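The values are calculated or read from the model by the stated rules, or taken from the named source; none is laboratory data. All values reported here derive from a predicted model rather than from experimental measurement. Methodologically, a virtual Cβ is constructed for each residue, glycine included, from the backbone with ideal geometry; neighbour enumeration extends over all protein chains shown. In case anyone asks, the SASA skips ligands and DNA or RNA and just uses the protein heavy atoms, side chains included. Shrake-Rupley method; radii C 1.70, N 1.55, O 1.52, S 1.80 Å.
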Amino acid sequence: MKFYALVLAVSLLSSAAFCQKTVAPGSKDINTKYIKPEKSLYTVYYVKDTSWVKQGTLTYDIVVANNQLSLTNSYTPKDNSRTSARTSVADAQTLKPISYTSDGKESKLNLDFGETVTGNYYSKKTKKDKKLKLHPKEVYIDWNWTDHLICTLPLDVGYKARIPQFYYNNESDVLVEYYTVKEVKSFIYNSPKTGKHDTWLVSVLEENTGAIYNYIVDKKDHRLWQREMSMGKGMWEITANEELDYQPIKNIFNKELMVQQISKGNSVIIGTAYARSDSGKKLGGLVNTAKKQYAPKGTEITLFPSSDYYEEWVEVNKKIRKQKKMPEVPLNRDFGYSVKKAKVYDDEGHFEFADLMPGNYVVMASFDFSNSYNYSYVSGYTNYYNYWGYTGSSTNYSTARQSYIDKANIEKRVTIDKDGDKKEVSLKE
């Protein structure tokens, strides 16, 4: 949990903290079923008031093998200058530490845990090794597991505990430090991807420094949604779960198949892109009277194969837009490999695609065009008189023509039935 040296100084602990139960390896409060073999990604921010500044990313990679849990914790700063990694191995049932290795900016550390902790500390500044033989007096967990240990606890309103953790600091003789679970209460966490979740908000005190940590833990699966660490002067370090497992699209995007679809065939699609004479705005109840408006020369036309993945993506995002509760799902990051581009090559909106295999395709175009319409307006009045005076009037109308710029956004589905077909299409709005 010690990512940065800045901490918040607070008053001395009350004696009540030392009356709480201790959660150490083998404690019945530890339920390791909540530690799942998976990779999770968190974005790290420095937050003050309403300002969120990204600092980097934090990755947890957990592997289970031979009744052991292996956790690799990797931090990469936003400039990608260097990734610092720590790997801890512990008993899969009790979280009793087995080994620890780290490779940071200033040092390397290797530890083997037992009644005596042995290992090696290497300073990159002095380029010297230091052999270690340490004798902690308390039972403990490896500090690298603390975030996950919090998620294994039987969290509930009023739950409290003390957690001893082993942390080696070359400049300190203190080997075991305590964290106190001060408060647990219900909280609603709003994920930008999956909406609202019922969670526990767990407040933890680092006893020797006074730093405050807040953990947001899901009530159902004990997922860690967010961790906050006080840094002093109103600044917090916040790590937010990016939900790598979030995938509302069930169909799989097949990159290799899509690439073949647009490059390994003998079929052709040719077409014309234009806006019809009645496209665009209808102003004052009068319809545009301009002739057919062709897509300008150089206009980009987009083609890609339609697939079960794409059709599901369209439907899922349609529902999301209707519900207005969360952001739309982005396309698979490899989707661009399935896209083919062509340009209108003349002044009459013509384009063409070649090397296509049989299948269903989506063809799209977007372009600006000039529209015009006729309208009438009152230009004056004619008054009528006779011997006795005013008898009435008539309204005089004139006509005029108005032009404006509009945009055409066109999408068309095209099917190629057999290899070698030549399809002619009209992209018209």
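What are the residues in segment 174-184 that are within 16 Å of Tyr140 (Cα to Cα) and open to solvent by 60 Å² or more (accessible area, probe 1.4 Å), if any? So that I can check it myself, show each step before the final result.
So in segment 174-184, the residues within 16 Å of Tyr140 (Cα to Cα) come out as 174-181.
Within segment 174-184, just Val174 meets the criteria.
Do we have any residue at all in segment 153-162 that's over 16 Å from Ile30 (Cβ atoms), under 34 Å from the mean Cα position of the chain (by Cα) and either β-branched (Val, Ile, Thr) or surrounded by fewer than 16 Cβ atoms within 10 Å (Cβ to Cβ) (or both)?
yes
Confirm whether Glu328 is of a type in the set (Asp, Glu), at pLDDT below 90 and closer than 25 Å to Phe304 by Cβ.
Criteria met by Glu328.
Small (Gly, Ala, Ser) and at pLDDT 95 or above, is that true of Ser14?
no
Kindly establish whether Ser88 is at pLDDT below 95 and either open to solvent by 80 Å² or more (accessible area, probe 1.4 Å) or in contact with a strand residue (DSSP E or B) (Cβ under 7 Å, 6 or more places away or on another chain) (or both). Talk me through it step by step, then tell me what you get.
Details: at pLDDT below 95: no; either open to solvent by 80 Å² or more (accessible area, probe 1.4 Å) or in contact with a strand residue (DSSP E or B) (Cβ under 7 Å, 6 or more places away or on another chain) (or both): yes.
In short, no.
Just give me the residues in segment 415-429 being farther than 29 Å from Asp368 by Cβ and assigned to a loop (DSSP other than H, G, I, E, B), in sequence order.
Let us first name the residues in segment 415-429 that are farther than 29 Å from Asp368 by Cβ, namely 415-422.
Asp417, Lys418, Asp419, Gly420, Asp421, listed by residue number.
Can you pull out every residue in segment 91-109 that is open to solvent by 40 Å² or more (accessible area, probe 1.4 Å) and farther than 17 Å from Gly26 by Cβ?
Passing the criteria: Thr101, Asp103, Lys105, Glu106, Lys108.
All but one of (1) touching a residue at least 60 places away in the same chain (Cβ under 8 Å); (2) not in a loop (DSSP other than H, G, I, E, B) hold for Phe253, so report the exception by its number.
That leaves (2) as the condition not met.
Scan segment 99-120 and tell me whether some residue there is in a loop (DSSP other than H, G, I, E, B), touching a residue at least 60 places away in the same chain (Cβ under 8 Å), at negative phi and not aliphatic (A, V, I, L, M).
no
So which of Ser70, Ser81 is in a loop (DSSP other than H, G, I, E, B), open to solvent by 20 Å² or more (accessible area, probe 1.4 Å) and closer than 29 Å to Tyr121 by Cβ?
Ser81
Check Pro305 against each of (1) under 19 Å from the mean Cα position of the chain (by Cα); (2) modelled with pLDDT of 95 or more and name the one condition it does not meet.
The failed condition is (1).
With respect to Lys341, is the statement that it is assigned to a strand (DSSP E or B), modelled with pLDDT of 90 or more, open to solvent by 90 Å² or more (accessible area, probe 1.4 Å) and not hydroxyl-bearing (Ser, Thr, Tyr) true?
Details: assigned to a strand (DSSP E or B): yes; modelled with pLDDT of 90 or more: yes; open to solvent by 90 Å² or more (accessible area, probe 1.4 Å): yes; not hydroxyl-bearing (Ser, Thr, Tyr): yes.
Considered against the rule, which asks whether it is assigned to a strand (DSSP E or B), modelled with pLDDT of 90 or more, open to solvent by 90 Å² or more (accessible area, probe 1.4 Å) and not hydroxyl-bearing (Ser, Thr, Tyr), Lys341 comes out as yes.
I'd like to verify a number: residues in segment 219-237 that are open to solvent by 10 Å² or more (accessible area, probe 1.4 Å) and not in a loop (DSSP other than H, G, I, E, B), how many?
Total meeting the criteria: 7.
Determine whether Glu243 is among the acidic types (Asp, Glu) and assigned to a loop (DSSP other than H, G, I, E, B).
yes
Which is at pLDDT below 95, open to solvent by 70 Å² or more (accessible area, probe 1.4 Å) and among the basic types (Lys, Arg), of Lys250, Lys264? Explain how you work it out, then say what you get.
Numbers: Lys264 fails: at pLDDT below 95.
Of Lys250, Lys264, the one residue that is at pLDDT below 95, open to solvent by 70 Å² or more (accessible area, probe 1.4 Å) and among the basic types (Lys, Arg) is Lys250.
Of everything in segment 148-186, what is in a strand (DSSP E or B) and either closer than 20 Å to Asp198 by Cα or among the charged types (D, E, K, R) (or both)? Give them in sequence order.
Arg162, Glu177, Val181, Lys182, Glu183, Val184, Lys185, Ser186
Please identify the pairs in which a residue from segment 130-142 that is more than 15 Å from Ser172 (Cα to Cα) and aliphatic (A, V, I, L, M) has its Cβ atom under 7 Å from the Cβ atom of a residue that is open to solvent by 20 Å² or more (accessible area, probe 1.4 Å) and assigned to a loop (DSSP other than H, G, I, E, B), counting only partners at least 6 apart or on another chain.
Val139/Pro25; Ile141/Pro25
Search segment 284-302 for residues being part of a strand (DSSP E or B) and open to solvent by 60 Å² or more (accessible area, probe 1.4 Å), and hand back the single one that is modelled with the highest pLDDT.
For segment 284-302, the residue satisfying everything is Glu300.
Residues of segment 47-64 being open to solvent by 50 Å² or more (accessible area, probe 1.4 Å) and part of a strand (DSSP E or B), which ones?
Listed by number, the residues that qualify are Lys48, Ser51, Trp52, Val53, Lys54, Asp61, Val63, Val64.
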